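To keep things clear, I will list the structure first and then write my remarks on it.
The values are calculated or read from the model by the stated rules, or taken from the named source; none is laboratory data. This is a predicted model, so every value here is computed, not measured. Every residue, glycine as well, gets a Cβ built from its backbone with ideal geometry; the counts of neighbours run over all protein chains shown. Heads up: the accessible areas ignore ligands, DNA and RNA and are worked out on the full protein's heavy atoms, side chains in. Shrake-Rupley method; radii C 1.70, N 1.55, O 1.52, S 1.80 Å.
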Amino acid sequence: MLHSSVVEAAPEDRPRPKTSGPALMVIFGASGDLAQRKLLPALYNLVQKGLLPKDFTIVGYSRTSYSDEAFRKLARTSVEKYSDAEFSEDEWHRFAQGIFYVTGNYDDPAGFAQLKARIEELDNTRHTGRNRLFYLATPPSVYEPVATQLGLADLVHPATDECWTRLVVEKPFGHDLASARALNEHLLGIFHEDQIYRIDHYLGKETVQNILVFRFANGIFEPIWNRNYVDHVQITVSESIGVEGRGGYYDKSGALRDMVQNHMMQLVSLVGMEPPIAFDAKAVRDGKMNLLSSIRPLAPDEVGDYVVRAQYSPGELDGTSIPAYLDEEGVAVDSTTETFVAWKLEIDNWRWNGVPFYLRTGKVLPQKVSEIAIYFRRAPHLLFAAADDGEHLSRNVLVIRIQPDEGISLKISAKQPGPAVKLQPVNMAFHYGSSFGSTPPDAYQRLLLDVVLGDGTLFTRRDEVEIAWDRVTRVLQGWKLQEDQAKAQGATLRLPTYPAGTWGPAAAEQLLGGEGQKWREP
Ligand code: BG6
């Protein structure tokens, strides 16, 4: 006999609400850079656009002592400086009435007792619906203590409650697989997975979200999006800035941890994943997880064949002289931290077998560009005489430009006007600016709104973070092996270098082994 049963939707399966209800947000690390440059301006924009309720309530919490009034002043300066919305006195006044501040340490029960009293008072006076969003905009060393104190202060509603509690965790989420797992375990002892929003700001970028729309809302690309038609994929995230006063942080991190484990792995998963069965948090994250699990794990002694790392040496960029990485403030004189990494990544599944994904990222490269280039196979038989760069002529290249100059272009071969049949590459292009008449909003606006709406689609799930760390930690182990081997021979390992303002070391070129493959000049 068949039984029908009513299955209650899990929180993350619920449809996305259209408008946000009331809520209170606590920003830990409120006087810090992230809160001031990104979070407060994004919240102001969201309230101004009517996407968050007018009486949205913000409580700043950090160690530096401020009164509510002094903190509002600080917030005003940030909003005036960093918000892309027009500043209006009236709007500001209303927004500022919803900003409060509590001073306290991150591991001090007394501070959290004060925070709790303030929240409960505001729950009544500002009708927050007792919905709470806690944002960890602090150094990662205090993620665990803050979560512990929130639990002890009884500030976390059970996931089943009518009113909600959500926790937003910034990067870096751990520094290797073991620490990421330990952090997950800790947080999951206090919060339910559906209450945790791990931010990767790349997922909030319009062009990154457009990867899925481009692939799955257009019938013509998906049939050729596989090993039968694609030769290889290049993902470049280059930056023209150096470590910019963050030498102390960066030297403990490096390009692999800072950019590849999170942003670039997310790009790989969106470009390579199978079509999800729905556009919701579970289906999209399951799809990304499958792809990430298919990335071939490297053994420590293989790492040198697949991954190139380097540091910048002195150079010049836009007429400014740049010192060597080793001379930057906060960087150890004998540092082996990489400022550039390139990785030939193999994906072991039916769709991508034999199609390398080449990743490269670095500091002080000639331009700031994030783009994905899909190189298609050549036409099987060339009827026409090729022009100068014959090697590339018959290869169509689809470029998804994430920033700047956001858009998508397809390189095709065309006949040059004239009596002879001479070919020339030309572009068919779509630009956000000209098609939509505006530049996309800052990623934090979208992501903050999604947290308030309870939509986790653009946030990374526990298993995604851990599988990405697994593949990255194997590379770190390979590098450790290289250092140990050098030591055993009485030598000190020195990284290859590239002059600041160039596209990286020569070894990165050699990584591209296939016929006619070379890095694209963005
Ligand atoms: C951050 C890194 O996650 O991303 C920084 O820590 C980097 O080192 C930044 O500069 C790049 O972000 P975007 O949005 O400018 O590409």
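Computed over protein heavy atoms with a 1.4 Å probe, the accessible surface of the chain works out to 45 Å² per residue. Sequence-ordered 3J(HN,Hα) estimates for region 478-488 from the Karplus curve with 6.51, -1.76 and 1.60 and θ = phi - 60° stand at x, 5, 5, 4, 4, 5, 5, 5, 4, 4, 4 Hz, glycine and proline given as x. The long axis of helix 68-82 is offset from the longest Cα principal axis of the chain by roughly 20 degrees.
Close amide H contacts of D200 (hydrogens built in the peptide plane, cut-off under 5 Å, sequence separation of 5 or more or a different chain): T460.
Ordered by solvent-accessible area of protein heavy atoms (1.4 Å probe), largest first, the residues R474, R37, R494 come out as R494, R37, R474. Considering every pair of different Cα atoms, what Kirkwood radius, in Å, is found for region 42-119? When all Cα pairs of region 42-119 are included, the Kirkwood radius is 13.3 Å. Applying 1/(1 + (r/R0)^6) with r as the Cβ-Cβ distance of K487 and S88 and R0 = 45 angstrom yields a FRET efficiency of 0.15.
Once Rg and the Kirkwood radius are both taken over the C-alpha atoms of the chain, their ratio Rg/Rh works out to 0.99.
By the rule of a C-alpha distance below 18 Å, with chain neighbours fewer than 8 residues away ignored, the aspartates and glutamates paired with K205 are D84, E170, E239, D258, D280, E371, D405, E406, D442, D450, D455. Where a ≥ b ≥ c are the square roots of the eigenvalues of the C-alpha gyration tensor, would you call region 129-281 rounded, which needs a/c under 1.5, or, failing that, prolate if a/b is larger than b/c, or oblate? Verdict is oblate for region 129-281.
Per residue of the chain, the DSSP helices (runs of n ≥ 4 H) give a summed -39500 (n - 2.57) that works out to -9500 deg cm²/dmol at 222 nm. Sorting D405, D318, D258 by solvent-accessible area of protein heavy atoms yields D318, D405, D258, largest first, with a 1.4 Å probe.
Between R377 and E521, residue separation times 0.36 nm minus the direct Cα-Cα distance comes to 49.9 nm. The heavy atoms of E346 present about 30 square angstrom of accessible area, all protein chains included, probe 1.4 Å. Taking 10 °C and 1.306 mPa s as conditions, region 239-281 diffuses translationally at an estimated 125 µm²/s according to Stokes-Einstein applied to its Kirkwood radius (Cα pairs). With the full set of protein chains in place, find how many percent of the accessible area of the chain is carbon and sulfur; take the probe as 1.4 Å. Answer for the chain is 53 percent, counting heavy atoms of protein chains only.
For the chain, DSSP calls about 60 percent of its internal beta bridges antiparallel. Against the chain, whose longest principal axis comes from its Cα atoms, helix 109-125 is set at around 80 degrees.
With a simple spin-label model that places each label point 7 Å from the Cα along the Cα-to-Cβ direction, the separation between S141 and E329 comes to 1.9 nm.
For K480 and H127, a Förster radius of 45 Å and the Cβ-Cβ distance give a FRET efficiency of 0.25, rounded to the nearest 0.05.
Judged by the mean number of other Cβ atoms found within 10 Å, the most tightly packed of the peptides 117-124, 291-298 leads the ranking 291-298, 117-124. A 1.4 Å probe, protein heavy atoms only, puts the accessible area of Y106 near 20 Å². Among E328, E338, E244, the sequence by solvent-accessible area, most first, with a 1.4 Å probe is E244, E328, E338. Each principal axis of the Cα cloud of region 167-247 was taken in turn, and the coordinate range along them, longest first, works out to 46, 37, 24 Å.
For the chain, the longest principal axis of the C-alpha atoms and the axis of helix 143-152 are separated by about 30°.
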